[in-house]
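Taking it in order: structure first as structure tokens, then the write-up.
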Amino acid sequence: MKRKNSVVLFIACSAVFLEALDLAIMNLALPLIQKHFHLEEEQSQWLQTIYVLLYGGFLIIGGKLADIWGRKKVFLTGALLFLITSIGAGKANSFEFLFFFRAIQGLGAAFLMPSAMAIITNTFITEDARSKALGIFSSFAAIGSGCGLSVGGLIASSLGWQWIFFINVPIISISLILAFILLERDIRIIGTNQPDLLSGIILSFCIVLLSYFIHAIPVLIHKPIWIVIVLSLISSSLIYFIKRTRHHPNPLINFTLLKGNNVMLGNRTIFILGSFFLSYLLILSFYLQEILGFSAAKAGLLLFPFSVGSAFISRFLLPRLIKRFKIIRTARLGMTLMFFGALLLIISMYYGLFAPLVFSIACVIGAGMAISIPSLTVMALSQIPVEHQGVASGVNTTSYFFGSGIGLSLISLMMQLNTLFPSTIKQLIASASLLLLIAAIAVLYLLKEEFSLKK
């Protein structure tokens, strides 16, 4: 039984690993795709944007379907979509086909992630076992991001950009086969427990539209009429969704379940973490390639040891931290590492020193993410009943996703303030200073909540 549970954990971890790998690896492959299809920079960026829009937009409904229709069924559907679209994207002979497969891949990820987390919480029943399993599961997000950054440049440079998609195929194929054979069949709940799919569609529409707005802020800021139209659509749709949720017998999201102290603390802090991490990766990538002149392959080689370190921390150190300390203190340690990582990055860029850059990467990619994401995920899901873990994990991941979108938009705006920051290095230092502030807010917030809990 213990061996079977370990295989189930591997199946679930493969999903979060691929999702994080796919987001990170694309950053280093975009210039090659842009060159291959003779695209403008803003066109190639849509490959990342469309994935994030559909992924973030359908996470909650994917989680609800996992709760109602069955974790195994939704996981297999998401994995199959991810497999087909990975092959299709790698074989695409035009940008239009690549764009299409990338969009559906985001939808597959939205089904894959919450169902994988729900599988874990249903498999590991005791509190200690579940916390440890969720910690390992979430740590694979950090490992996937690190591997995407480190290996992505090497793969794209040596084998071609197509292999950033083909690399998914063997991993997801093994997971599909094992999941089909080993995962227990879910009993489909019928009758009054059918999900409110219309609310799901409305909420997904709101999230996609809001996500688009966040990503397009640098462009829309010059089009006030469009801003009014988009915000009006989002506001009216959200108002209708809230009213419908209050009166429906089986609402899409039971908001009373999300009011626990740990649940709210975990979701709020992971929102802040999202606004920090992807923005840090963007600034780091820009600094390495545009200022220091690193190639994608060389940047990957620099980051590779820290990905290994992240895996080591996730496997050996993190379980001990979660067992020995309160989960809020573990989360605070992770966010403190983020703070020092941003500070060291600023010092490196300001004085032109390489050593602080290495320690910055160690703090953020090597240790910070390996500690922060698992602890915050465990915190957000610890008080949620098993039958609602799917939608709760969707809310948790959506919080991280929204934070990422807002963080990236703020960095994009910062980079466009040429009058205040006339040189690229000054823009990067200003952007890193914003990240320092974001990390400081997270640390202070966790300190405040820990002090409140003691009272």
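Bear in mind these aren't lab numbers, they're just calculated from the coordinates by the rules spelled out. Owing to the predicted nature of the structure, the values given are computational and were not obtained by experimental measurement. Note that each Cβ is placed from the backbone with ideal geometry, even for glycine, and that neighbours are counted across all protein chains shown.
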**Asked** Tell me, what HN-Hα J-couplings in whole Hz come from the Karplus equation 6.51 cos²θ - 1.76 cosθ + 1.60 at θ = phi - 60° for each residue of the range 382-397, using x for Gly and Pro?
**Response** 5, 9, 9, x, 4, 5, 10, 5, x, 5, 5, 5, x, 5, 4, 5
**Prompt:** Once all Cα-Cα distances of the range 302-436 are split into 10 Å bins that start at 0, what whole-number percent is in each one?
**Reply:** 12, 32, 35, 17, 5, 0
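Equivalent ellipsoid semi-axes for the range 317-357, as square roots of 5 times the alpha carbon gyration tensor eigenvalues: give them largest first, rounded to whole Å. Numbers along the way, then the final one.
Values: eigenvalues 174, 18, 3 Å².
That gives 30, 10, 4 Å for the three semi-axes.
Where Rh is the Kirkwood radius over the Cα pairs of the range 196-251, the temperature 20 °C and the viscosity 1.002 mPa s, what D in µm²/s does Stokes-Einstein return? Mind dumping the intermediate values first?
Values: Rh = 12.1 Å.
Translational diffusion coefficient: 178 µm²/s.
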**Item:** Added length on full extension, which subtracts the Cα-Cα distance from 0.36 nm per residue, Arg244 to Ile181
**Value:** 18.8 nm
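Arrange Cys363, Cys206 by Cβ neighbour counts within 10 Å, fewest through most, would you?
On the way: Cys363 23, Cys206 19.
Exposure proxy ranking, most exposed first: Cys206, Cys363.
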**Spherically averaged projected area of the chain from its Cα convex hull (nm²)** = 21.5
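What does the convex hull of the Cα atoms of the range 228-270 come to per residue, in Å³, rounded to a whole number? Write out the running numbers ahead of the final one.
Working: hull volume 3.9 nm³, N = 43.
Hull volume over Cα atoms, normalised by residue count, gives 92 Å³.
Which of the peptides 349-360, 228-239 is most tightly packed, and how do the rest follow, going by the mean number of other Cβ atoms within 10 Å of each residue? Before the final figure, lay out each step's value.
Numbers: 349-360: 15.4, 228-239: 13.4.
Those peptides, ordered most packed to least, come out 349-360, 228-239.
Per the helix-only calculation at 222 nm, which mean residue ellipticity applies to the chain, given -39500 (n - 2.57) for every DSSP H run of n ≥ 4 and division by its residues, nearest 500 deg cm²/dmol? Write out the running numbers ahead of the final one.
Working: 19 runs with 365 residues, N = 455.
Helix-only estimate at 222 nm: -27500 deg cm²/dmol.
When the dipole is taken about the Cα centre of the chain, and only Lys, Arg (+1) and Asp, Glu (-1) are charged at their Cβ, what size is it in debye, to the nearest 20?
On the way: 32 positive and 16 negative charges, 264 e Å.
Dipole about the Cα centre, nearest 20: 1280 debye.
Order these peptides, 164-170, 338-344, 392-398, by their mean beta-carbon neighbour count within 10 angstrom, highest first. Spell out each step's value before the answer.
Details: 164-170: 19.4, 338-344: 24.1, 392-398: 27.7.
Those peptides, ordered most packed to least, come out 392-398, 338-344, 164-170.
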**Request:** Could you sort 76-83, 310-317 so that the peptide with the highest average Cβ count within 10 Å comes first and the rest follow in order?
**Result:** 76-83, 310-317
**Fill in**
For Arg130, Arg102, Arg320, ascending order of other Cβ atoms within 10 Å (fewest first) is Arg320, Arg130, Arg102
**Prompt:** At what distance in angstrom do the alpha carbon centres of the range 155-179 and the range 383-445 lie from each other?
**Reply:** 29
**Fill in**
Karplus-derived 3J(HN,Hα) from phi for the range 426-442 (6.51 cos²θ - 1.76 cosθ + 1.60, θ = phi - 60°), whole Hz, x at Gly and Pro, runs 5, 5, 5, 5, 5, 5, 5, 5, 5, 5, 4, 5, 4, 5, 5, 4, 5
**Request:** Restricting things to alpha carbons, tell me how big the range 240-298 is in terms of Rg and Dmax, in Å.
**Result:** 20.3, 59
**Request:** Output ³J(HN,Hα) for the range 159-167: one whole-Hz value per residue in order, computed from phi by the Karplus curve 6.51 cos²θ - 1.76 cosθ + 1.60 with θ = phi - 60°, and x for Gly and Pro.
**Result:** 9, x, 4, 4, 6, 5, 9, 5, 5
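Remind me, relative contact order of the chain in percent, using alpha carbon pairs under 8 angstrom and six or more residues apart?
24
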